1. Would you check which residues across the range 147-185 are touching a Pro at 6+ places or on another chain (Cβ under 9 Å), closer than 27 Å to Glu54 by Cβ, among the hydrophobic types (A, V, I, L, M, F, W, C) and not in a strand (DSSP E or B) and list them?
2. Wholly within the range 79-127, which strands (runs of 3 or more DSSP E) include no fewer than the required count, namely at least 2 residues that are under 21 Å from Trp186 (Cα atoms)?
3. State all residues of the range 78-137 that are among the charged types (D, E, K, R), under 30 Å from Lys197 (Cβ atoms) and surrounded by 14 or more Cβ atoms within 10 Å (Cβ to Cβ); if no residue qualifies, say none.
4. Given the criterion in contact (Cβ under 8 Å) with a residue 12 or more places away in the chain, under 19 Å from Gln29 (Cβ atoms) and under 15 Å from the mean Cα position of the chain (by Cα), identify the matching residue among Gly203, Gly238.
5. Examine the range 206-218 for a residue that is within 16 Å of Arg170 (Cβ to Cβ), modelled with pLDDT of 95 or more, touching a Gly at 6+ places or on another chain (Cβ under 6 Å) and crowded, with 18+ Cβ neighbours inside 10 Å, and state whether such a residue exists.
6. Do we find a residue being without any contact (Cβ under 8 Å) to a residue 40 or more places away in the chain, of a type in the set (Asp, Glu) and either surrounded by 17 or more Cβ atoms within 10 Å (Cβ to Cβ) or under 18 Å from Arg233 (Cβ atoms) (or both) anywhere in the range 170-183?
7. Looking at Arg78, is it over 30 Å from Asn165 (Cβ atoms), within 18 Å of the chain's Cα centre (by Cα) and not polar (S, T, N, Q)?
8. Does Ile247 qualify as being under 28 Å from Pro167 (Cα atoms), crowded, with 23+ Cβ neighbours inside 10 Å and not polar (S, T, N, Q)?
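The values are calculated or read from the model by the stated rules, or taken from the named source; none is laboratory data. No experiment lies behind these values; they were computed from the predicted model shown. Counting neighbours? That spans all protein chains shown, and the Cβs are built from the backbone with ideal geometry, glycine included.
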Amino acid sequence: MRAAVLLAMMAIGFVPQGGGPGAATYGYQVVRSYPHDREAFTQGLIVRDGVFYEGTGLNGRSGIRKVKIETGEVLQSRPLAQEYFGEGITDWKDSLYEITWRSEIGFVYDIKTFEPTKTWAYKGEGWGLTHDDTRFIMSDGSSQLRFIDPATMKETGRISVRDANGPVERLNELEYVKGEIYANVWTTDRIARISPKDGRVTGWIDLSGLLPPGEQARDAVLNGIAYDAAADRLFVTGKLWPRVFEIKLVKRG
């Protein structure tokens, strides 16, 4: 289980990957915070029609849910079977798509009823999922991002994500924002802004201090990016966080 891996990495003094010259850096300004279920091990977060859709992880606690932004109220939910560890989610047309960590299977649901409609298979691990105008974009915990055809659910290509220091590993939850891919880097407080053309990191978002240490539970790492294109709002949260934050980016250099 990835939570156990995190503890082991911390125990040996693991130092998260940093940025480097050549990429812009951004801080943040908190616009507003909203309640979030601190029992939710957030793996995927999107905004659609003025509400959050959230995918959660951990065996026995995984599933999808529809959440009222302002109050954190769970309006609708569907659990995954015990054997599945849920990961990233995204929407496409009238469906919600969810991937799993090591089961090599993805699930598709009717976005209104949450009834499952089909599954698809992929090789390797599933971490994050988003889409641009024509294809799905998926992370697997490495420095690579996969492109997937929504019509066939077949992989059509990959890019390797790099900054000035080399490959950027542990790409996790994804969101497509204004022509760029935003990716949480697992175990860090950083989000990479990635060019979908060549995988180059164009910027780093530093969210250090966003959630005070006293409010963080064990394994409560940053994970969860949602962009509301209709209202131009950017939201971020983390696993087991008690709050979702609406933020604006502040360029540092």
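1. The one that is touching a Pro at 6+ places or on another chain (Cβ under 9 Å), closer than 27 Å to Glu54 by Cβ, among the hydrophobic types (A, V, I, L, M, F, W, C) and not in a strand (DSSP E or B): Val161.
2. Values: elements: 86-92, 95-100, 105-110, 116-121.
The qualifying strands (runs of 3 or more DSSP E) are 86-92, 95-100.
3. Glu87, Asp91, Glu98, Glu104, Glu125, Arg135
4. Details: Gly203 fails: under 15 Å from the mean Cα position of the chain (by Cα).
After ruling out the rest, the residue left standing is Gly238.
5. Taking the range 206-218 as the starting set, the residues that turn out to be within 16 Å of Arg170 (Cβ to Cβ) are 207.
Filter once more, keeping what is modelled with pLDDT of 95 or more: 207.
Still in the running and touching a Gly at 6+ places or on another chain (Cβ under 6 Å): none.
No, there is no match, as no residue in the range 206-218 is within 16 Å of Arg170 (Cβ to Cβ), modelled with pLDDT of 95 or more, touching a Gly at 6+ places or on another chain (Cβ under 6 Å) and crowded, with 18+ Cβ neighbours inside 10 Å.
6. Scanning the range 170-183 turns up at least one residue that is without any contact (Cβ under 8 Å) to a residue 40 or more places away in the chain, of a type in the set (Asp, Glu) and either surrounded by 17 or more Cβ atoms within 10 Å (Cβ to Cβ) or under 18 Å from Arg233 (Cβ atoms) (or both).
7. Values: over 30 Å from Asn165 (Cβ atoms): yes; within 18 Å of the chain's Cα centre (by Cα): no; not polar (S, T, N, Q): yes.
Criteria not met by Arg78.
8. Details: under 28 Å from Pro167 (Cα atoms): yes; crowded, with 23+ Cβ neighbours inside 10 Å: no; not polar (S, T, N, Q): yes.
So Ile247 fails the test.
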